[in-house]
Amino acid sequence: MQIFGRNIVLTALELEIKLSRIQIAANVQGDSIKKIKKLVAKQEGLEIKWLPPQLIDKIAGANNVHQGVVAEIAEFEYEDLHVFIPKLLKEKTLPIIVVCDQITDPHNLGAIIRSAECAGADAVIIPDKHSAEINNTVFKTSAGAAFTLPIIRVSDLKETIDFLHKHKFGVFGLAGEAESSYTELHYENPTAVVIGNEAVGMRKAIRNNCDELIKIPIHGKSESLNASVASAVVLYHIVDKRGIR
């Protein structure tokens, strides 16, 4: 898998993500390039290959903003739901999981992952169909959070919610038409927050499988918050409600 851009490559190096190759346009310079060179020098077997700018353009492709820097990492490894959740519950009494239903825009998915990681959530679950996958755009938009936050990929979200129920999770779906505000609940059990597609919301089967639907009251003229902001509002409320600092 390729990642593009100075900041995301620098973040990967700082997090000690294993990179197999770094290619940089020969004409680029600046503080971030100096930091990349310094960190590369510390990794055994990793070198920078300096290439003509037009070759970097060709390698990255026309649709990718690369800033003269391209790196290769191993294919992303998703967590296994049936292994991860039991292990998590042994390590943590009240985990928080974010479940994404049909978040197809990688920018939105990356932003949700960033919000989840910042709030201290333990994982994000995505379906393997009708969803963005973890790619360069997600890495960038998440500001590197997708490197560190566990991402679980599943074939059936309804069955996944059933599995979470069996493990005593309360599952709450964000929906603008819900009767209860997100502030009215107590979140006393392991918690999963379901975020639906920004245009159409959650699918009916997923909505019906939630324990309760919750809403964020809107006091302005806009109809709703975007998915990542909405997830951040609810997640930080849960964290605050539990007294986690």
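The values are calculated or read from the model by the stated rules, or taken from the named source; none is laboratory data. A quick note: this is a predicted structure, and the numbers were derived from the prediction, not measured. Positions of Cβ are generated from backbone atoms using ideal geometry, with glycine treated the same way; all protein chains shown enter the neighbour counts. Accessible surface is based on the protein model in full, side chains and every heavy atom, while ligands, DNA and RNA are left aside. Shrake-Rupley method; radii C 1.70, N 1.55, O 1.52, S 1.80 Å.
Descriptive notes on the structure:
- Magnitude of the charge dipole, the chain, Cβ model with Lys/Arg +1 and Asp/Glu -1, debye to 20: 680 debye
- Each peptide among 96-103, 139-146, 211-218 gets the average number of other Cβ atoms lying within 10 Å of its residues, and from highest to lowest they stand as 96-103, 139-146, 211-218.
- Restricting attention to the chain, close to 25% of DSSP beta bridges with both partner residues there are antiparallel.
- Of the DSSP H helices in the chain, those whose Cα atoms cover at least 20 Å axially and whose Kyte score averages -0.5 or more: 227-241
- Cα centroid separation - region 61-121 against region 122-141, whole Å: 6 Å
- Surface share of carbon and sulfur [accessible, 1.4 angstrom probe, percent] for region 149-208: 45 percent
- Net +/- balance of residues flanking Phe172 in space, Cβ distance below 9 Å, scoring K and R +1, D and E -1: -2
- Share of carbon and sulfur in the accessible area of region 1-133 stands at 47%, probe radius 1.4 Å.
- As a length-normalised measure over Cα pairs under 8 Å and 6 or more apart, the relative contact order of region 22-108 settles at 30 percent.
- Anisotropy class of region 155-245 from Cα gyration tensor, a/c 1.5 cut: oblate
- Note on the chain: Cα convex hull, mean projected area over all directions, 15.1 nm².
- Protein heavy-atom accessible surface, 1.4 Å probe, per residue over the chain: 53 Å².
- On full extension, the segment bounded by Val239 and Ser20 gains 75.1 nm, given 0.36 nm per residue less the C-alpha separation.
- If you look at the Cα atoms of region 1-108, you get an Rg and a Dmax of 17.7, 53 Å.
- For region 70-184, the orientation-averaged shadow of the C-alpha convex hull comes to 8.1 nm² (one quarter of the hull surface).
- 222 nm mean residue ellipticity, helices alone, for the chain (DSSP H n ≥ 4; -39,500 (n - 2.57); rounded to 500): -11000 deg cm²/dmol
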